[in-house]
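Computed from the coordinates by the stated procedures, all read-outs in this text should not be read as laboratory data. In this text the structure is predicted, and so the values were computed from the model without any measurement. Neighbour counts run over all protein chains shown; Cβ positions are idealised from the backbone, glycine included.
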């Protein structure tokens with residue numbers, strides 16, 4: 001059974017890039033950001049959905065966010081497990097049974 005983590009970040013403060021920085025993603029505090037590439041430790045390529053569903057993609061400094069990872073595991077069609085791993089070393093496992 002394969003697991004594909006979904007890496008997500010929560011903006012802890014605003015990041016407003018200057019106009020001369022191309023391909024940068026503006027972040028507002030409390031934005032939820034979906035990480036596409038974090039191969040660079042300082043700048044991450046990400047996607048944000050705005051409140052009306054528009055998608056914006058760009059780079060932002062990692063220090064403006066706190067990350068968490070969702071891993072979905074399905075052991076049968078009626079049972080699955082979700083594991084949350086936070087960067088501040090908290091892990092929570094939630095199991096749903098139907």
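Contour minus end-to-end for residue 21 and residue 45, with contour as 0.36 nm per residue of separation and end-to-end as the Cα-Cα distance?
My answer for the length gained is 7.2 nm.
If neighbour count is taken as other Cβ atoms inside 10 Å, put 12, 7 in order from fewest to most.
Listing 12, 7 from fewest to most nearby Cβ atoms yields 12, 7.
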